[in-house]
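A quick write-up on the structure given underneath.
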Amino acid sequence: MKRFFSFFCAVLLVLAFIGCDGSSTDDNGDTGDTGNTGDTGNTGDTGNTGDSDKSTLMYRMTVWNAYDSDDSWETRNIDIAEDNTHTCDIINIRHLIPKIQVTTDELVEGISPDDISWVTIYESDEEMLHTDRSFSTEIPVGVYKGFRIIQRNLMYWVCSCDGDVIEFPGNNDSYLEDEDFLENIISDQGLFDVDEDGLLVMAQDRERLGTFEVKEAVTTKVTNRLNLMTLDWIDHDGDGKWSEGDELTNWTVPEGIETMSDFIVEYE
């Protein structure tokens, strides 16, 4: 397994896209899922989109150990596999995401996020599991090139460890308080920060997303799969329970997978 040692980067890319060419497979050869989607959370549609025709976007989130390309969109959770060590299987994530937006605009340094035409595809005030976040909405057809997500700093890794389910708390940004919210803006150029003047500046050019196309007269089905597979839990006091002073480290992805998240697209 390939290993990732940066906790911050692991959390940051939970919802990051990879490039998609509009086909029904990702670049690892995986096929998209078919079936009906659940509808969890409120969705919205905002932004200056002109007179563009609209089409249906179906979007869901999952994790590597829960993903099955042949399963129904309504049955995505998995049974817990026993693990005899403190290398724990990541079976889900629990977090609060108030808003997800996408844009057909080009994201470049030196512009204000407020000058970008964002389309809101999801809004919710409910904390939920990653695999329960599934929705359908109508958005303008076009090629979407940027992504903005608002999320709470505190989140939880839901893991199977020695046969037990344990939720490990984590933070997206160690400099923020648990209940603070942060904004991530990502494009195929990389991850952007907002500087003191309120303008986009490049933060990480290695953390990129690609594009996806919503086509006219068809339904675009998107699965955002987190590829992180395991993490190591250092139980310093040896009591078998998560407690202050314990550590999480050594996130891994499956052999041959280079990205922490895959963006799988199909059309029907």
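Taking amide hydrogens as modeled 1.01 Å from N in the peptide plane, which residues meet the under 5 Å criterion relative to Ile111, leaving out close sequence neighbours?
Amide H to amide H, under 5 Å and 5 or more residues apart or across chains, Ile111 pairs with Leu200.
Considering only protein heavy atoms, with the full assembly of protein chains and a 1.4 angstrom probe, order Glu207, Glu167 by accessible area, largest first.
Largest to smallest exposure gives the sequence Glu167, Glu207.
Put Thr56, Thr223 in order of accessible area, largest first, 1.4 Å probe: what do you get?
Thr56, Thr223
Starting from the amide H of Thr104, placed 1.01 Å from N in the peptide plane, find each other amide H under 5 Å away whose residue is 5 or more places distant or on another chain.
Lys145
How much solvent-accessible surface does Asp246 expose, in Å² to the nearest 10, with a 1.4 Å probe and all protein chains in place?
Its accessible surface works out to 20 Å², give or take rounding.
Using heavy-atom solvent-accessible surface (probe 1.4 Å) with all chains present, what is the largest-first order of Val119, Val141, Val165?
Val165, Val141, Val119
Lysines within cross-link reach of Lys99: Cα-Cα under 24 Å, excluding same-chain residues under 8 positions apart?
Within the straight-line cut-off, Lys99 pairs with Lys54, Lys145, Lys215, Lys221.
How charged is the neighbourhood of Gly146? Take every other residue with its Cβ under 10 Å from the Cβ of Gly146, and add Lys/Arg as +1 and Asp/Glu as -1.
After counting each charged neighbour, the total is -1.
What are the residues whose amide H is under 5 Å from the amide H of Val63, where those residues sit 5 or more places off or on another chain and H is modelled from the backbone?
Leu226
The values are calculated or read from the model by the stated rules, or taken from the named source; none is laboratory data. Everything quoted here is computed from the prediction, not taken from an experiment. Neighbour counts run over all protein chains shown; Cβ positions are idealised from the backbone, glycine included. For accessibility, only protein heavy atoms count, side chains too; no ligands or nucleic acids. Shrake-Rupley method; radii C 1.70, N 1.55, O 1.52, S 1.80 Å.
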